[in-house]
2 protein chains.
Amino acid sequence: MKRITIRDVSERAGVSTAAVSYVLNGREGKVSQETATKVRRAVAELNYIPDFSARSLAGTRSKLIGVVIPQTEDQKQLLLQNPFYSELVCGIEARLRQSGYHMILSGVDKGEGYLDTSMQRNLDGAIIMGIYQESFYDDLKRVKVPIVLIDSYVNDSYFQTVSIDDEAGGYMATKLLIDNGHSNIALVTGLIRKDGVVEKRFLGYKRALKEAGLFYNSDYVFEHSVSYEYGQEAAAAIAAGHPEITAVFASSDLVALGVLRGLSDAGKRVPEDVSVVGFDDIPVARMCNPPLTTVRQNIVARGAMAADRLLKAIEEGEDSLADDPSVARLEMAIRQTVQRLTPN
Amino acid sequence: MKRITIRDVSERAGVSTAAVSYVLNGREGKVSQETATKVRRAVAELNYIPDFSARSLAGTRSKLIGVVIPQTEDQKQLLLQNPFYSELVCGIEARLRQSGYHMILSGVDKGEGYLDTSMQRNLDGAIIMGIYQESFYDDLKRVKVPIVLIDSYVNDSYFQTVSIDDEAGGYMATKLLIDNGHSNIALVTGLIRKDGVVEKRFLGYKRALKEAGLFYNSDYVFEHSVSYEYGQEAAAAIAAGHPEITAVFASSDLVALGVLRGLSDAGKRVPEDVSVVGFDDIPVARMCNPPLTTVRQNIVARGAMAADRLLKAIEEGEDSLADDPSVARLEMAIRQTVQRLTPN
DNA sequence: TGTGTTAGTTTAAGCGTTTAACCTTACAAT
DNA sequence: ATTGTAAGGTTAAACGCTTAAACTAACACA
C-alpha cells in the first residue's frame with residue numbers, strides 16, 4: 001500500500017504541489033478560495049496524511065516537544081513513580097495533543113545526551129523538570145529552541161519558567177502548625193540546594209517560625225532525600241530522639257507518607273500525638289490513612305501552563321511572552337493529619 | 001550555526017557520503033577497516049549528529065515508538081495518575097532509550113486518530129495499553145508495524161502481547177482469603193468485559209470459591225469501575241448491607257485503597273473486622289495504612305518485557321518471536337490487611 | 001591474454017515536504 | 001498602447017539521508 005503524498009493530492013485536485021502545500025499550511029493570500037476547496041476535497045477523498053519527517057526535513061516545524069523528567073537514584077528509570085511528575089506529564093500531554101504536537105518523554109543520563117536527542121529529532125521545544133546538573137543547562141542553551149523549566153531554580157533568564165511560590169508554601173504549612181499551637185516543629189526534606197525548590201520551602205519554614213517568635217533549631221531539620229524511605233527513617237529518628245516534637249512539616253507528600261508510616265511504626269498516633277503537613281497534594285494524599293493535610297498546588301494545571309507557555313513561545317516567538325514568569329496559586333488542603341495541640 | 005551533515009563528514013574523511021552512511025549503519029563488509037576509521041574520526045572531530053527526520057524520510061527506521069495509554073473518563077487526560085500505567089511507562093522508556101529509540105507518549109481520543117499519528121511520524125512500532133474500543137484495533141492493523149498489547153485481551157493473533165495470568169492472580173488472592181478462614185468474600189471490580197483482564201480475575205475468584213466448596217453469591221460482586229471512588233462506595237455498601245462479609249478482594253490496588261477508606265469511614269477496622277486483598281502491587285500499596293496485602297506483578301519489568309519484544313520484532317522481524325506469548329510471573333505480597341478469621 | 005570474481009567505493013536517484021523565485025493573467029492607471 | 005501591480009499559480013531547488021546500481025582495482029585462474 002503506497003503512501004499518499006502531496007503529489008497525489010495535487011494531481012487529483014488538478015493543481016501544483018505548491019498550491020496544496022499552501023492550502024495545508026493555511027498560507028492566506030497565496031491561494032484562491034476555489035483552489036483551496038479543490039485541494040481540501042482531494043485531501044479528504046484520498047485520505048491524505050502528511051509526513052512529518054518530510055516536513056521537518058524541509059525546514060519547518062517538527063511539532064515534536066521534548067519532555068524531560070528526572071530519574072531514580074540509580075539512573076535506571078524515570079521518576080514517574082513520583083505522582084508529582086506523572087501529573088505534570090498529564091497536563092502537558094493534554095495540551096500538546098490538543099494543538100497537534102507530540103511529546104517525546106525521556107530521562108537524561110546524568111545530564112548527558114539530551115542535546116543529541118534534541119538535534120536528532122529537530123525538537124521544536126522542551127519542557128524540563130527538576131534537573132540540577134549545571135552542565136545540562138549550558139548544553140540546553142546551545143540548541144536555539146524555546147525551553148520551559150519546572151521546579152528548577154536555574155538563575156538564568158534565558159529559560160522560561162512555570163513555578164509556584166515555594167517560599168510561601170513552606171510558610172503556609174508551618175504557619176498552620178503554629179496556629180494549631182505547635183512550637184516544636186520538625187522539617188523533613190530533600191537535600192537543600194542553593195536556589196532549589198527545597199531551599200525555598202525551607203526558607204518559608206524559617207520565616208514562619210521567626211514571625212511567631214519561635215526559636216529555629218537546626219536539630220529539627222532532617223535533610224536528605226525526597227523519598228518515602230527517608231520520611232520513614234526521619235520519623236523513626238524523631239520518635240526516638242525528640243519526644244518533644246509535636247509536628248512535622250514534610251516538604252513533599254511522598255516524604256510525608258513515609259513520615260506517617262515511620263511514626264505509626266514507632267507507636268505514635270497521627271494526629272493525636274504528632275501532626276503532619278505535606279506539600280504538593282498528590283492524589284494519594286487524600287487516599288492515605290489518615291488523609292494528609294498538605295499544601296495544594298494544582299499540578300496538572302501547572303503542566304498545562306508550561307505547555308501553553310512553550311507553544312506560545314514557539315508559535316509567536318519568545319518575545320511574545322511578557323517576562324512575568326507564571327506562578328501558580330497555592331492553598332492549604334486541610335484534611336486529617338493536623339490536630340490542635342491542647343496542653344495537658 | 002549550520003548543521004553538520006553527512007556530507008561534511010564525508011569531505012573531512014575524504015570518502016563518499018555513501019561510505020559514511022555505511023559506516024554509521026554498521027553495514028559490515030561494505031567498507032574497509034581503514035575507511036571506517038577515517039569516518040569515525042571525522043564524526044568525532046566534527047561532532048556529527050544524524051538527522052532522524054532525514055533518515056526516516058529516506059525510508060529506514062524512525063526509531064520512534066508510539067506508546068498509548070488510556071485516558072480519564074472525561075477523555076481529557078492521560079491515566080498516568082494510575083501508578084500502574086506510570087510504572088509500565090518507566091519500564092518501557094528505560095529499555096527504549098537504552099536501544100536508541102524514543103517514545104511518543106500519548107492518549108487517544110475515543111480510539112480515533114492514532115492511525116494518523118502513526119503514519120505522520122512513521123512510527124516503527126507501538127505499545128498499547130488497556131484500550132477496549134474495537135475499531136481502534138482494526139485501524140491498528142492497517143499500519144503494518146509491530147504492536148505489543150498490554151492488558152487488553154483482544155482475541156487476535158496479529159498482535160503481540162505481554163500479559164500476566166490474571167485468572168491465576170484472582171485465584172491466588174481469593175485462595176489466600178479462604179485459607180485464612182473467610183467464606184463470605186466480596187469482589188469489588190471494574191466493569192467485567194468479555195475477554196478483559198477484569199473478567200479473568202473474576203473467573204479466578206469463582207474458581208477458588210468453587211474449589212473450596214463455597215457458594216458463589218452474585219450479590220457479593222460489586223462491579224463498576226476501576227477507581228478509588230468506586231472502591232470507597234462499594235465498601236460503604238458492604239458495611240451497610242452485608243455485615244456477614246468478612247473479606248474483600250479488590251481487583252486493583254486503586255480500588256483496594258478506596259475500599260480501605262470506605263471501610264474505615266464506616267467504622268470497620270482492617271484487618272480486624274474485614275480483610276482486604278488488592279491486585280497489582282503499585283508503590284502506594286506498601287505506603288498506605290495499613291500496608292496492603294496484594295497480588296504482586298512486577299510492573300516495571302513487564303513494561304521492559306513489552307519493549308524488548310517490540311524491539312525484537314522490529315529489528316529481527318515479527319517471526320523471530322516464537323509464539324509463546326510472554327507471561328509475567330505473579331506472587332502474593334503479604335502485608336497487613338489480611339487476618340485469620342477466628343470464630344467467636 | 002583474457003576472463004572472472006571479489007571487495008571496496010562512488011554515483012545518483014529517490015524519500016515527501018516547503019518555499020524562493022519565477023511566470024501568467026487581469027485589470028487599473030497613465 | 002504602454003506600463004505597473006496585484007493575485008494566483010507553477011517550477012524546481014533544497015532539506016539530509018539511504019541504497020540500488022554502476023564502477024574500479026586487484027587478484028586468481030585457465
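Brief remarks follow.
- Pseudo-label separations to other copies for A:THR342 - Cα-to-Cβ vector, 7 Å, nm: 3.3
- Under 5 Å between amide hydrogens, built in the peptide plane, is the criterion, and for A:LEU187 it picks out A:VAL221, A:PHE222, A:PHE249 among residues at least 5 positions away or on other chains.
- Other copies of B:GLY29: label-to-label distances in nm, shortest first, labels 7 Å along the beta-carbon direction: 5.9
- Cα-based reach from B:LYS175 at 22 Å (exclusive), listing lysines while leaving out same-chain residues under 8 positions away: B:LYS200, B:LYS206, B:LYS210
- Computed label-point distance, nm, for sites A:THR342 and B:GLU211 using a 7 Å Cα→Cβ extension: 5.3 nm
- Scoring B:291-302, A:73-84, B:15-26 by mean Cβ neighbours within 10 Å over their residues and listing the highest first yields B:291-302, A:73-84, B:15-26.
- For the range B:166-297, the relative contact order comes to 25 percent (Cα pairs under 8 Å, sequence separation of at least 6).
- Rounded tilt (10° steps) of A:228-241 against the dominant C-alpha axis of chain A: 10 degrees
- Degrees separating the helix A:299-316 axis from the principal Cα axis of chain A, which is the longest one: 30 degrees
- Those GluC sites (Glu not before Pro) in the range A:224-299 that DSSP places in a loop and that have at most 16 other beta carbons within 10 Å: A:GLU244, A:GLU272
- Each of A:LYS144 and B:ASN47 was given a label point 7 Å from its Cα along the Cα-to-Cβ line. The distance between the two points is 1.6 nm.
- Comparing A:PHE202, A:VAL221, A:ILE150 along the charge dipole axis of the protein assembly as shown, the residue lying farthest to the positive side is A:ILE150, per the Cβ-charge model.
- Under Karplus coefficients 6.51, -1.76 and 1.60, residue-wise ³J(HN,Hα) of the range B:144-161 in Hz, glycine/proline x: 6, 9, x, 9, 10, 9, 10, 6, 8, 6, 8, 7, 7, 6, 4, 9, 7, 9
- Under the simplified labelling scheme, the B:HIS242-A:ASP265 pair shows an inter-label distance of 3.5 nm, with each label point 7 Å from Cα along Cα→Cβ.
- Treating r as the C-beta distance of A:LYS110 and B:LYS110 and R0 as 41 Å, the FRET efficiency rounds to 0.50.
- Rounded to the nearest 20 debye, the dipole size of the range B:166-297 about its Cα centre is 200 debye, using +1 on the Cβ of Lys and Arg and -1 on the Cβ of Asp and Glu.
- Taking amide H positions as modeled 1.01 Å from N, with prolines and chain starts lacking one, the residues under 5 Å from A:VAL338 and 5 or more places away or on another chain are A:VAL276, A:THR293.
- Mean separation of Cα contacts under 8 Å, 6 or more apart, over the residue count of chain A: relative contact order %: 16 percent
- Beta bridges assigned by DSSP with both partners in the protein assembly as shown are antiparallel in approximately 15 percent of cases.
- Global form of the protein assembly as shown, assessed from the alpha-carbon gyration tensor, a/c cut-off 1.5: oblate
- Distances in nm from B:GLU211 to the matching label points in the other copies, shortest first (labels 7 Å along Cα to Cβ): 6.2
- Between A:GLU316 and B:SER218, the FRET efficiency estimated from the beta carbon spacing at R0 = 60 angstrom works out to 0.50.
- In degrees, nearest ten, helix A:83-98 long axis to first principal axis of chain A (Cα): 20 degrees
Only the coordinates and a few stated rules stand behind these numbers; no lab work does. Since the structure is predicted, the reported quantities are computational estimates derived from the model, not experimental observations. For neighbour counting, all protein chains shown are included, and Cβ atoms are generated from backbone atoms with ideal geometry for every residue, glycine included.
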